[in-house]
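Enquirer: The structure under discussion is supplied below as structure tokens; questions concerning it will follow.
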Ligand SMILES: Nc1ncnc2c1ncn2[C@@H]1O[C@H](COP(=O)(O)OP(=O)(O)OP(=O)(O)O)[C@@H](O)[C@H]1O
Ligand SMILES: [Mg+2]
């Protein structure tokens, strides 16, 4: 078959055009303000929240490497994803029977949906989910730097610049989550992971709930020493995002001082101290840190620092450039030693156990929405 010169030239030009089109990767949009980040973030979140994401993975698609930590309903394990060019991931295994005994199905559905729909530099990323007869599984980004609890325990306390670096990332993350109508309810160093780059990743959305921007809820949950007085009260109290700001106050104190702001041998004694704001501020604590902690740990909700604007504008953050932090253009106080994609040296050794398997799906109905 004869091809004319013209056809040949056209064919070559068309091929080049196709190649050019496929080689140009779109440049990511650079947002100029947090307002823009939040606007786009919310649109993206709403779109994903409506989607029913199907799962495309099973236990047999992964090689189990190591236990990373214990969870309320099981454990979190490092896995190698055989079907995805051998990438590594952290898989949270939650036993169905344990969930039903200690929590509600609603909680795990919220955890999955919130992880699926959120996307922020300082929140752990969702990859996939699946279930079998015995367990529910959340496949997440593996954060190899270990948890903040371990790092803080080793260092005893952090200097002002390091504390501010972490507290500022939690503040930005709370701004994002609260803007989406999500309250986290379990902020504590054990749930803050350190990324390979030294920046934070908030993990564990097991108590997070979407209550809506003006919403309230009354479920009493969380970890006692980080719980706001309205959560510790015996009577039923409707609360909102304020509880996360309280937890931020506890953590700011804990990172700066190396112990908890309200220490007591009995829960009633702790409540007494909380309600009277009996906090001892060591002399080395800088004035702005004391003011921030005191503002966040205000038992009276009318006076507590509870809006992102108020917190971000606080003199404690006068040196923080929020957009530079968002884009990770600041230097972290330390970068964890991570030797390979499967390095688990930053995690305390935990003995591994086989994952429970059941021959029958006795709780199929209860977990049909997962
Ligand atoms: N993405 C991850 N990468 C690395 N380690 C992780 C990851 N997610 C969780 N872990 C480890 O597993 C531990 C338990 O995970 P997680 O906090 O999500 O479980 P949980 O059931 O909600 O536990 P709890 O209620 O006790 O906080 C964490 O403290 C952390 O050490
Ligand atoms: Mg946890």
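Since every read-out is calculated from the coordinates, none of them should be taken as a lab result. No experiment lies behind these values; they were computed from the predicted model shown. Reconstructed Cβ throughout: ideal geometry from the backbone, glycine too, with neighbour counts over all protein chains shown.
Enquirer: Taking the Cα-to-Cβ direction at residue 52 and at residue 219 and moving 7 Å from each Cα, how far apart do the two end points lie in nm?
Expert: With each label point 7 Å from Cα toward Cβ, the separation is 2.2 nm.
Enquirer: Here's a follow-up. Just order 50-61, 220-231, 167-178, 324-335 by mean Cβ neighbour count inside 10 Å, highest at the front, would you?
Expert: 167-178, 220-231, 324-335, 50-61
Enquirer: In nanometres, what is the gap between the two model label sites at residue 360 and residue 102, each 7 Å from Cα along Cα-to-Cβ?
Expert: If labels sit at residue 360 and residue 102, their model points lie 2.6 nm apart.
Enquirer: How large are Rg and Dmax for the chain when only the alpha carbon atoms are used, in Å?
Expert: Both quantities, over Cα of the chain: 23.5, 95 Å.
Enquirer: If I fit a long axis through the Cα atoms of helix 34-50 and take the longest principal axis of the Cα atoms of the chain, what angle between them do I get, 0 to 90°, rounded to 10?
Expert: Result, in degrees: 70.
Enquirer: Of 103, 83, how do they rank once you tally other Cβ atoms within 10 Å and put the fewest first?
Expert: Exposure proxy ranking, most exposed first: 83, 103.
Enquirer: Now a separate question. Can you tell me how the stretch 122-226 classifies by the Cα gyration tensor, rounded, prolate or oblate, using a/c under 1.5 as the rounded cut?
Expert: oblate
Enquirer: May I ask for the angle, rounded to the nearest 10°, between helix 160-179 and the longest principal axis of the chain, with both axes built from Cα atoms and the value confined to 0 to 90°?
Expert: Orientation of helix 160-179: about 70 degrees from the principal axis.
Enquirer: Also, I was wondering about something else. On a 0 to 90 degree scale, rounded to 10, what angle separates helix 105-117 from the longest Cα axis of the chain?
Expert: Result, in degrees: 60.
Enquirer: Kindly provide the helix-only [θ] at 222 nm of the chain, computed as the sum of -39,500 (n - 2.57) over DSSP H runs of four or more divided by all residues, to the nearest 500 deg cm²/dmol?
Expert: Estimated from H runs of four or more residues: -11000 deg cm²/dmol.
Enquirer: Still on this structure: Rounded, prolate or oblate: which fits the stretch 227-370 when a ≥ b ≥ c are the square roots of the eigenvalues of the alpha-carbon gyration tensor, with rounded for a/c under 1.5 and prolate only if a/b beats b/c?
Expert: The shape class here is oblate.
Enquirer: For the chain, set up a GNM with springs between Cα atoms under 10 Å and report which of 106, 141, 30 has the largest fluctuation.
Expert: The residue with the greatest mean-square fluctuation here is 30.
Enquirer: Same structure again: If you average the alpha carbon positions of the stretch 49-103 and of the stretch 308-337, how far apart do those two centres end up, in angstrom?
Expert: Distance between centres, Cα-based: 32 Å.
Enquirer: Sort all Cα-Cα distances of the stretch 46-190 into consecutive 10 angstrom bins from zero, then give the percent of pairs in each bin up to the one containing the longest distance.
Expert: 10, 36, 37, 16, 2
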